[in-house]
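Q: Below are the structure tokens for one structure; questions will follow.
Values in this text are rule-based calculations from the coordinates and carry no lab data. Just so it is clear, the structure is predicted and the values come from calculations on it, not from any experiment. Reconstructed Cβ throughout: ideal geometry from the backbone, glycine too, with neighbour counts over all protein chains shown.
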Amino acid sequence: MTDFLNILLIAIFLPLFPMSMLFNAVVENIKPKGLRVILFILWPLIGLLIALNSEFVIPDWLLPLALSTSLLYAIRMLSLREVNQWTGFLATSIWSLLWLPIMQGSSAALLYEFAIGMSVPLVLLVLLAAGLEQRFGAAYTGLYGGLARTIPRYAGVFVTVVVAAIATPLFPTFFFMLDMVVEMISSTPAAALVLLLIWLFWSWAGARLIQGLIVGRASNNKIADMDMSSISFYSIVLIVLMLGGIYLAGAIL
Amino acid sequence: MERLIIAVAVLPLISALFIQLFAGRFGRAIARLSVAMTTLSFLLSCLLLALAVSGSETLAIPLGSSAAELLFDPLSTLLATIILGISLIVHLYSVRYMAEEAGYGQFFVLLDMMTAALLFMVIAGDLITLVISWYLVGVILYFLLGQDTRSQTAYRFAFWTLITYRLGDLPLILAAALLFNAYDTWSLTVIFNEVMANPDAHQVLGLPLTDVVAGLIGLAAFARSAQFLLHTWLPYTMDGPTPVSALMHAGIVNAGGFLINRFAPLFVHSSEVLHVIFIVGLITAIFGSLLMLTQNDIKKALGYSTMGQMGFMIMECGIGAFSLAIYHMFAHGVFKGTMFLSAGSVINQARENDGIPKDELYTFAVEKRPNKARYPWLLMAVVTLVVPLVILIFAHLLVSEDYFQKQGAIVLLFFGWVTGAQLIFATYKMRSQNVWRLMGLSILSLLIVVLGYVFISHGFDQFLYPDAAFRAQLYSAANINSLSFDVLVVIVTLVIVAGWGITYFSEQNDHRRAQKSKRLWLNFYALISREFYINDIYTRLSRSLLTVSSRLNVWLRWL
């Protein structure tokens, strides 16, 4: 019973369906971007902290549940148009997979590094969504479009961040997914196939998000593009992320 | 050597970085930097190729203390040179062609990144570098095809490409994971050595590992090289800039042939997979050519032409003619690249003057009016069937006496014979006033093409697979039971001869018999004009998935 309660508690922070709905409800109801940033950084870390500091037996049904949660949210992302919601669903899909290395007994340091490496692009997305809300009143795909022509610098950064978030080389999430496939293929081949399917849906959803925002004709209204200091900030974070990805690759592969 | 091969791959990356950083300061002149870097990289790759041709040993070059390795071998040096050659031409062309387009600097950044990704793909000495570069090629191509960010259509089809490429990434990742689990290394050289030493050492789900991995590699190659059922993106990606089309049709789409060649040490132990590859390639070649012939949009026709060629390339792998696939890749790349890059000026010239001489070819091909003169059909049939065969046998005997012992070689000869006969048959059908002159010219061209093809492909064979025993092993892995092979050859011959016979008798009877089957033909034409409804099925499936996604969101209250 204690084990079950433990798992239930952790399942809020390393989201497992239906507890995952709680996180997405919180995302939807917290509007200040600062709080959202904190939420996206701390949420999986709290989950890991509890998971790594409590003793419980991981039941067999947890692996299919974690994979199903991730797959469910990956599929649901396909039809989302609101950027914050999209980011929340991607976070749910990614963080639920953190159960896999926990089950395999990966080191705590590596788990934290993965969690941070995978959450940073999501945090950047939250900040970018706030930028869209500030400029257009809403961060919504298909509503205005044409960002590549209207605010090209912002569009460039946005595309790179989405690409980083959906597990593209050389960002940390890519190496995490690769490592998980390598680990799963020998013990549970079906799990490896599901992981690949989830990965495919992330790419699909990412492409739809990009297309819904950046493609189209330039707006007639004058809209301020991203300033150079912000570009420098995003570039530095993305470069550090990429280096972090390469570092993680060295550690796991 | 180590520094040389690293420099070849890294120079385009440095160029991309510089352009990204300084495009604003130097404006459009920054493209010259990209061209200069690509030229330098190309020259270095030529040097590497020269070293490989002169017999330098294959080398696996580790990158620092990581598991990553770069491979110096005939395949990597040859393909690096081809990639850089095509990329250089595309760069030079783009300097002026893209000058009026928005995102000029960004285009060269992407072009350089694509060149680097392709280079890392062909010189990768480990599975991780291979998977990363393979993956990145798809992502960069997506953005290159969507260079015109105003065009929803360009992005729609770029998306198709991305998803197909991502589908193709998955089997490669699985194959890499399986190989790593079995051999505990990412190094391709080590894995291949172990596979060659003991091919049956490992099993997956009760099947030999070599078969499973070869099957997965085959699937990855099918997606990348637009094989049947994974081809729908290719004919529709013409909304991208012309230089990107040239690069894609001349280089990127050929990657499937490269991948199969890279994993040749596995395929040599996977006869069944080679047979599947042959069948898929054959189906693709037939469907691609069929769809090409029925298009009224020239760009789509070119797309399907590439599909047919890719089918033929994959089919060559399926019969064990691995090096021939590389030669095919090279020849098709140069041919198709030239077509795309010269398309603009041809259109311009045609607007001023179509330049088509009103000769026999014109009246036959354009006005559909064959001349009245007729020649004895029996004599013509003998010439049609015998001459190409004599040329092919003669040319192949010049390079190798035991050539006809290989089934794969027979299949290739068969295709050559059919193509040659078709060429002479078409010449006869033109009913020229001077048919002997026209046929003489056709036969001479056929002789030159066949001799060139045979000698160059023989050279590729010697260079890429210097070990004669391995070459023979590749061909024998693709063999099927002799009786089945003979029966198949007879059946296919009968089908082709029957086809020619039907065409001949149909013409003799002024198409009267053909009228009876008109409805059947119309239905068939409708099927082809809808491209066998494959695109419609995929669109329906993806819409269904999006509907499921929406419904799930509604049921779960978007949480």
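Q: Lys and Arg at +1, Asp and Glu at -1: add these up for the other residues within a Cβ distance under 14 Å of residue B:56 and post the number.
A: My count for the surroundings of residue B:56 gives -3.
Q: Hey, what angle do you get for helix B:377-399 against the long axis of chain B, alpha-carbon based, 0 to 90 degrees rounded to 10?
A: 30 degrees
Q: Moving on to the next point. Note the per residue figure in Å³ for the convex hull of the C-alpha positions in chain B. Kindly include the intermediate steps, with their values, before the conclusion.
A: Working: hull volume 111.3 nm³, N = 559.
Here the figure is 199 Å³ per residue.
Q: Related question: Using a simple charge model, +1 on the beta-carbon of Lys and Arg, -1 on the beta-carbon of Asp and Glu, nothing else, what dipole does region A:74-182 show about its Cα centre, in debye to the nearest 20?
A: It works out to roughly 380 debye.
Q: So how do B:476, B:245 line up by other beta-carbon neighbours within 10 Å, fewest first?
A: Working: B:476 15, B:245 26.
Listing B:476, B:245 from fewest to most nearby Cβ atoms yields B:476, B:245.
Q: Cα centroid distance between region B:141-191 and region A:201-232, in Å?
A: Centre-to-centre distance over Cα atoms comes out at 23 Å.
Q: Here is a follow-up. Looking at chain B, identify the longest residue range that excludes and avoids all GluC sites (Glu not before Pro) in DSSP loops having at most 15 other Cβ atoms within 10 Å. Mind showing how you got there, number by number?
A: Values: sites that count: B:57, B:100, B:101, B:367.
It runs B:102-366.
Q: What value, in deg cm²/dmol to 500, does the helix sum -39500 (n - 2.57) over DSSP H runs of n ≥ 4 give at 222 nm once divided by the residues of the protein assembly as shown?
A: Working: 35 runs with 615 residues, N = 812.
Mean residue ellipticity, 222 nm, calculated: -25500 deg cm²/dmol.
Q: Arranged by the count of other C-beta atoms within 10 angstrom, fewest first, what order do B:249, B:202 take?
A: If I rank by nearby Cβ atoms, fewest first, I get B:202, B:249.
Q: Hey, another quick one. Determine the dipole magnitude for region B:1-133: charges of +1 sit on the beta-carbon of Lys and Arg, -1 on that of Asp and Glu, nothing else is charged, the reference point is the Cα centre, and the result goes in debye to the nearest 20.
A: Once rounded to the nearest 20, the dipole reads 500 debye.
Q: Which of the aspartates and glutamates could a cross-linker span from residue B:300 if the Cα-Cα distance has to be under 20 Å and same-chain partners fewer than 8 positions apart are dropped?
A: Leaving aside aspartates and glutamates fewer than 8 places away in the same chain, those within reach of residue B:300 are B:148, B:239, B:531, B:536.
Q: Using DSSP to define loop residues, name the GluC sites (Glu not before Pro) in region A:1-84 whose beta-carbon has at most 11 other beta-carbon atoms within 10 Å.
A: A:55
Q: For chain A, what relative contact order do you get, as a whole percent, if you take Cα pairs closer than 8 Å and at least 6 residues apart?
A: 22 percent
Q: I need to check one value: relative contact order of chain B, counting alpha carbon pairs closer than 8 Å and at least 6 residues apart, in percent. Can you show the working numbers first?
A: Details: 698 pairs, mean separation 60.8, N = 559.
Reported relative contact order: 11 percent.
Q: For region B:441-549, which trypsin sites (Lys or Arg not before Pro) pass both filters: DSSP loop (anything but H, G, I, E, B) and at most 13 other C-beta atoms within 10 Å?
A: Counting only loop positions with at most 13 other Cβ atoms within 10 Å, the trypsin sites (Lys or Arg not before Pro) in region B:441-549 are B:530.
Q: Please give the Cα centre distance for region A:102-151 versus region B:1-76, rounded to the nearest Å.
A: Between the Cα centre of region A:102-151 and that of region B:1-76, the gap is 33 Å.
Q: Which cross-chain or sequence-distant (5 or more) residues have an amide H under 5 Å from the amide H of residue B:103, H modelled 1.01 Å from N in plane?
A: For residue B:103, no residues qualify.
Q: Using the Cβ atoms and a cut-off under 13 Å, what net charge is assigned to the surroundings of residue A:144, where Lys and Arg are +1 and Asp and Glu are -1?
A: +3
Q: Now a separate question. Can you check what the net charge comes to around residue B:558, using other residues whose Cβ is under 15 Å from the Cβ of residue B:558 (Lys, Arg +1; Asp, Glu -1)?
A: Combined, the nearby Lys, Arg, Asp and Glu give +2.
Q: Now for a different question. Got the relative contact order for region A:156-253 handy, in percent, Cα pairs under 8 Å and 6 or more residues apart?
A: Numbers: 61 pairs, mean separation 44.0, N = 98.
Normalised by residue count, the contact order of region A:156-253 is 45 percent.
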